Every structure is written in C-alpha cells, then in structure tokens.
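Undergrad: The structure is given below, and queries will be raised subsequently.
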Amino acid sequence: MEKISNYEKIFVNMFKNNIKNNNNIELVECNENQKVPIFSLKFKDYSIKNNSIKYIFLSISIILIGTIHFLSIPIIIVIYVLLSLIKKVFPKKNNQ
C-alpha cells in the first residue's frame, strides 16, 4: 500500500510541476464535449464479414494481455477508441 501512495505522490508532483512550467494549459481545457460513438462487443452472428473490427480488437487485446499483462490495459482502451473512430470515418457500405 505504501508503494501505491508513493507512486501517487510522484504522479501528483509531476502533474503540478507540468502545470506550473507549461504555458500550454489550454490544451487540457476543452470548450465543447463531443461524444465518440464506440462499437459494441456484442455478437449477433460470428461471421468475419460482419464482425471484422471486433475480431481485430479482440486479437490485438489477447496478444497485448499475453505479452505485457497489466500494462496493456491503457493501450487496449486507446485501441478501442481508435478503432471506433476508424469505424465512424469509414462506415460499412450496404449493397442494397
């Protein structure tokens, strides 16, 4: 428990020093909140054609968890958001 509080103190001090020394504090502030539509991990069917993003995400997640364990969690979250943005930018075309 002591180790966690030491890390917390180090993080807080780094954050305070960064704010004091950095003139670009406006980058942290945001005037508008924008929602990012994220994809669901539910499977209606198991076809690769309909669930390619889900399979890609799950494959990358399993590989990361197997290699770098707990450190992979923030990376997986970033990948989840990036894949969701990619899915929004390049929507699936329906041939109907």
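Readers should treat all values here as calculations from the given coordinates under stated rules, not as data from a laboratory. Keep in mind that this is a model prediction, so the values were computed, not measured. Every residue, glycine as well, gets a Cβ built from its backbone with ideal geometry; the counts of neighbours run over all protein chains shown.
Undergrad: What does the charge count near P37 come to, summing +1 for each Lys or Arg and -1 for each Asp or Glu among other residues with Cβ under 14 Å from its Cβ?
TA: Spelling it out: positives minus negatives among the neighbours equals +4.
Undergrad: Kindly flag which residue pairs out of K35/K92; K9/K42; K44/K88; K44/K93 have an alpha-carbon separation exceeding 30 Å in this structure.
TA: Too far apart for the 30 Å limit: K9/K42.
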